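Heads up: the structure comes next, in structure tokens.
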Amino acid sequence: MRYLITGGCGSIGSELARQLVARGDEVVIIDNLSGGSLQNIADIADQVECCIADVCDPNHRLLRALIGSSNAVFHLAASLGVKLILEKPIETMHNNVEGTRLVLDAASHTRCPVLVASTSEVYGLSTRVPFCEDDPIVLGASSRRRWSYANSKLHDEFMALAYMQERGVPSIVTRYFNCTGRQQSSRYGMVVPTFISQALAGRPITVHGDGTQTRCFSDVRDTVQATIRLMDAEAFGQVVNVGSQNEITIGDLARLVKQRTGSASIIQHIPYSEAYSEGYEDMPRRVPSLDKLQRFTGFVSSTPIAEIIDRTARWMESQLSAESLLNVA
Ligand SMILES: NC(=O)c1ccc[n+]([C@@H]2O[C@H](COP(=O)([O-])OP(=O)(O)OC[C@H]3O[C@@H](n4cnc5c(N)ncnc54)[C@H](O)[C@@H]3O)[C@@H](O)[C@H]2O)c1
């Protein structure tokens, strides 16, 4: 099979490329390197075709040609990360909504299956845990910028399902819950790589708020395995949570990162108003129901959080030593 991965140089996309290549599939990547890097696919560079291009390019010929020659598309390219969303809400909304529309439109010419990456952020301020895919959604007010990301992704979900209904594009929506691991950048405020880079540098590990908010983290290898299985199962027309139920408070996560990295960093609490802006809203808990994922794939994410931290820390250390070698050279 030949798969197109948009955003294939990113954290999830590069691992997806790796796993597809390992089982003998052909992989083509399109990525504009705005968030990802060629370094992420360096180990498989001679086994994948990589186009450095933008899915939102108004000249859609490349995208159409790539989709026309693929058996299915994993559409992962997006703007994400709380920091980026707060700083560049227009870019986030445009990139996420227009990129998905163009991918679905191009796919409609050959009725090519598309998996669209969405997010647990779409559950918004809901407190009904575990979150089920068909639950009502409680989105925050439009005056709160952070919700622009969730809103853009929710729009993508509606589009994916609408293109299936009206244009016959077999589509699947995955709602990812805090996926982490190698290749995830701390640049945009993702919590695990941020804590690890602070711990490795001996700087304070900065917990936003009182640290009692919880998240469920899954390893990128598990996330990708679930993603591939959903495509293989042809779960078309479905919106499916992808994540783990390993719930941990952010305060405990900071302590675990400190312990696993052997860091002397202090743990410092920063009010949300200082970290982001006045009136910033966060969800107290974010736990997925995984019943649907299990029904379609039989898959359960199993990597313990300590192992995720260890692998990510090892990868970040290797990046740091490669950088310092370059600086010396
Ligand atoms: N990692 C998570 O925890 C998580 C959680 C929820 C949802 N998601 C979704 O999963 C997908 C992948 O996330 P990730 O963690 O791998 O992010 P990432 O930033 O590592 O990867 C995204 C990739 O898309 C590329 N990209 C962005 N805009 C593009 C464009 N217009 N044209 C071409 N390439 C473009 C970036 O350069 C980057 O390589 C995203 O759609 C994201 O919204 C991820």
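Identify the residue in region 241-260 that is small (Gly, Ala, Ser) and under 29 Å from Gly298 (Cβ atoms) and, among all such residues, is surrounded by the fewest Cβ atoms within 10 Å (Cβ to Cβ).
Of all residues in region 241-260, those small (Gly, Ala, Ser) come to 243-244, 251, 254.
Now restrict to residues that are under 29 Å from Gly298 (Cβ atoms): 243-244.
Values: Gly243: 27, Ser244: 25.
Once the filter is applied, the top-ranked residue is Ser244.
So which residues in region 1-30 are closer than 22 Å to Thr110 by Cα, within 13 Å of the ligand (Cβ to nearest atom) and not in a loop (DSSP other than H, G, I, E, B), if there are any at all?
Residues satisfying the conditions are Leu4, Ile5, Thr6, Val28, Ile29, Ile30.
Which numbered condition trips up Leu66, out of (1) surrounded by 18 or more Cβ atoms within 10 Å (Cβ to Cβ); (2) among the hydrophobic types (A, V, I, L, M, F, W, C); (3) touching a helix residue (DSSP H, G or I) at 6+ places or on another chain (Cβ under 7 Å); (4) modelled with pLDDT of 95 or more?
Checking Leu66 against (1) surrounded by 18 or more Cβ atoms within 10 Å (Cβ to Cβ); (2) among the hydrophobic types (A, V, I, L, M, F, W, C); (3) touching a helix residue (DSSP H, G or I) at 6+ places or on another chain (Cβ under 7 Å); (4) modelled with pLDDT of 95 or more, the one that fails is (3).
Which ones in region 148-164 are within 19 Å of the chain's Cα centre (by Cα), free of Cβ contacts under 8 Å to residues at least 40 places away in the same chain and either away from the ligand (no atom under 13 Å from the Cβ) or over 17 Å from Asp282 (Cβ atoms) (or both)?
Across region 148-164, the qualifying residues are Leu154, Phe158.
Go over the candidates Val73, Val97 one by one and state the one that is of a type in the set (Val, Ile, Thr), closer than 30 Å to Asp282 by Cα and not in a loop (DSSP other than H, G, I, E, B).
Numbers: Val73 fails: closer than 30 Å to Asp282 by Cα.
Result: Val97 is the single residue among Val73, Val97 that is of a type in the set (Val, Ile, Thr), closer than 30 Å to Asp282 by Cα and not in a loop (DSSP other than H, G, I, E, B).
Inside region 172-210, can you point out the residues that are over 24 Å from Ala42 (Cα atoms), within 14 Å of the ligand (Cβ to nearest atom) and part of a strand (DSSP E or B)?
Those that are over 24 Å from Ala42 (Cα atoms), within 14 Å of the ligand (Cβ to nearest atom) and part of a strand (DSSP E or B): Ile172, Val173, Thr174, Arg175, Tyr176.
Please find, within region 81-102, the residue that is nearest to Leu154 (Cα to Cα) out of those that are near the ligand (Cβ under 10 Å from one of its atoms), in contact (Cβ under 8 Å) with a residue 40 or more places away in the chain and more than 17 Å from the chain's Cα centre (by Cα).
Glu98
Give the residue, chosen from Ala107, Ala78, Ala72, that is modelled with pLDDT of 95 or more and either among the hydroxyl-bearing types (Ser, Thr, Tyr) or within 9 Å of the ligand (Cβ to nearest atom) (or both).
Values: Ala107 fails: either among the hydroxyl-bearing types (Ser, Thr, Tyr) or within 9 Å of the ligand (Cβ to nearest atom) (or both); Ala72 fails: either among the hydroxyl-bearing types (Ser, Thr, Tyr) or within 9 Å of the ligand (Cβ to nearest atom) (or both).
Going through Ala107, Ala78, Ala72 in turn, just one is modelled with pLDDT of 95 or more and either among the hydroxyl-bearing types (Ser, Thr, Tyr) or within 9 Å of the ligand (Cβ to nearest atom) (or both): Ala78.
The values are calculated or read from the model by the stated rules, or taken from the named source; none is laboratory data. Note that the coordinates shown come from a computational prediction; the quantities given were computed from them, not determined experimentally. As a convention, Cβ positions derive from the backbone with ideal geometry for all residues, glycine included, and neighbour counts pool all protein chains shown.
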